[in-house]
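The values are calculated or read from the model by the stated rules, or taken from the named source; none is laboratory data. Just so you know, these numbers come straight off a predicted model, no measurement behind them. Here the Cβ positions follow ideal geometry from the backbone for every residue, glycine too, while neighbour counts run over all protein chains shown. Surface accessibility is based on the protein's heavy atoms, side chains included, excluding ligands, DNA and RNA. Shrake-Rupley method; radii C 1.70, N 1.55, O 1.52, S 1.80 Å.
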Amino acid sequence: MAVPLCTTIMRPDDANVAGNVHGGTILKMIEEAGVIISTRHCNSQNGERCVAVLARVERTDFLSPMCIGEVAHVSAEITYASKHSVEVQVHVMSENILTGTKKLTNKAALWYVPLSLKNVDKVLEVPPVVYSRQEQEEEGRRRYEAQKLERMETKWRNGDIVQPSLNPEPNTVSYSQSSLIHLVGPSDCTLHGFVHGGVTMKLMDEVAGIVAARHCKTNIVTASVDAINFHDKIRKGCVITISGRMTFTSNKSMEIEVLVDADPVVDNTQRHYRAASAFFTYVSLSQDGRSLPVPQLLPETEDEKKRFEEGKGRYLQMKAKRQGQVEPQA
């Protein structure tokens with residue numbers, strides 16, 4: 001059963017100039033709900049105290065825009081537990097408090113692992129979950145195995161970095177690519193000294209939004225986020241670089257790869273490392289909120305052309321799923 005965990009009114013600071021709430025703001029609320037319910041569950045039995053840490057966010061679709069003045073209702077439910085991880089399903093509803101109208105805006109699945117409070121590098125066991133039906137556990141196990149495999153593949157695939165380019169041409173990858181450098185302070189972190197997953201996701205969405213806006217020079221909104229993988233913890237005092245680059249465009253959408261690298265500048269024993277990665281999809285909107293055509297991306301290098309084809313494959317796969325079709329396996 002889903003548990004209500006958060007009710008928040010959306011204010012001007014939460015939205016873009018057109019009044020649409022930033023995708024990163026919603027992602028942050030989703031993660032906060034997930035960490036609350038998973039930490040509660042992981043401490044539900046006597047034993048070593050722990051805190052649940054975000055490991056992965058499955059694809060999140062922005063089903064309907066949320067606007068300034070609306071109230072966001074966030075609820076969460078634990079749907080599966082393996083030995084060392086827990087799956088949380090989160091739903092976000094928006095409410096127009098003048099009319100009472102409610103609508104589903106987001107739903108996401110998140111995976112957390114419990115870390116010991118005595119030693120945050122130690123992963124603890126997760127208490128068992130009581131399932132409402134027999135098939136629920138088997139379905140959850142299949143989701144667990146699938147995300148575990150994809151998370152490992154993504155960790156090895158995302159070894160490259162975003163390189164700057166001088167005098168890039170419009171509509172090229174280099175023209176819109178953007179980076180944000182952020183010093184991790186106490187307000188970004190849990191009581192145990194590492195960054196909240198929601199903080200990281202919000203920064204990732206900001207960079208992706210800048211890339212999208214630079215590419216099409218219109219109002220843009222987050223349409224969906226492919227799986228966000230958290231490869232390693234980011235500790236207080238690190239300098240993080242969030243880099244975004246356009247990978248693919250269809251007629252009305254843009255895919256942007258976002259990479260998060262951490263540099264532990266106060267720790268000489270550790271080198272910089274890849275902390276998180278994801279693909280964000282944005283759409284371009286007119287002033288009255290209608291979808292606009294997206295300028296076509298012009299990949300130049302062989303790597304850019306390869307990433308374009310990979311992005312096209314993801315786009316076609318998701319399009320087929322939305323249409324209820326099954327893509328043939330190669």
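Quick look at the values:
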quantity	calculated
Electrostatic dipole magnitude of region 173-325 [Cβ: Lys, Arg +1; Asp, Glu -1; Cα centre; debye, to 20]	420 debye
Dipole moment magnitude, nearest 20 debye, region 118-232 about Cα centre, only Lys, Arg, Asp, Glu C-beta charged	140 debye
P(r) of the chain over all Cα-Cα pairs, binned every 10 Å from zero, in whole percent	6, 25, 34, 26, 9, 1, 0
Mean separation of Cα contacts under 8 Å, 6 or more apart, over the residue count of region 3-148: relative contact order %	26 percent
Solvent-accessible area per residue for region 237-330 (1.4 angstrom probe, square angstrom)	57 Å²
Peptides ranked, highest mean first, by Cβ atoms within 10 Å: ranges 56-67, 12-23, 138-149, 89-100	56-67, 12-23, 89-100, 138-149
HN-Hα J in Hz across region 92-100 - Karplus 6.51, -1.76, 1.60, θ = phi - 60°, x for Gly and Pro	10, 10, 9, 10, 7, 6, 7, 10, x
Unit charges on C-beta of K, R, D, E only; dipole of the chain, Debye	280 debye
Sulfur and carbon atoms: percent of accessible area, region 275-322 [1.4 Å]	52 percent
Surface accessible to a 1.4 Å probe, per residue, for the residues of region 61-216, Å²	53 Å²
Under-5 Å amide H pairs with Cys189, H placed in peptide plane, nonlocal only	His196
For region 69-190, the fraction of alpha-carbon pairs in successive 5 Å shells from zero, as %	2, 8, 10, 11, 13, 15, 14, 13, 9, 4, 1, 0
q = 0.08, 0.11, 0.19 Å⁻¹: log10 I(q)/I(0) that the Debye formula gives for region 1-159, counting C-alpha atoms only	-0.27, -0.50, -1.16
Sparsely packed trypsin sites (Lys or Arg not before Pro) within region 87-121, loop by DSSP, other Cβ within 10 Å at most 16	Lys118
CD proxy at 222 nm, helix term only [per DSSP H run n ≥ 4: -39500 (n - 2.57); per residue of the chain; nearest 500]	-9000 deg cm²/dmol
Rh by Kirkwood over Cα pairs, then Stokes-Einstein D for region 173-325 at 1.567 mPa s and 4 °C, µm²/s	79 µm²/s
Taking all pairs of distinct alpha-carbon atoms in region 256-311, Kirkwood radius in angstrom	14.8 Å
Mean separation of Cα contacts under 8 Å (6+ apart) over length of the chain, as relative contact order %	16 percent
Signed unit charges on C-beta, dipole axis of region 3-148, positive-most listed residue Ile30, Thr7, Ala55	Ala55
Residues of region 1-49: accessible area per residue with a 1.4 Å probe, Å²	53 Å²
Heavy-atom accessible surface of region 3-148: percent carbon and sulfur, 1.4 Å	52 percent
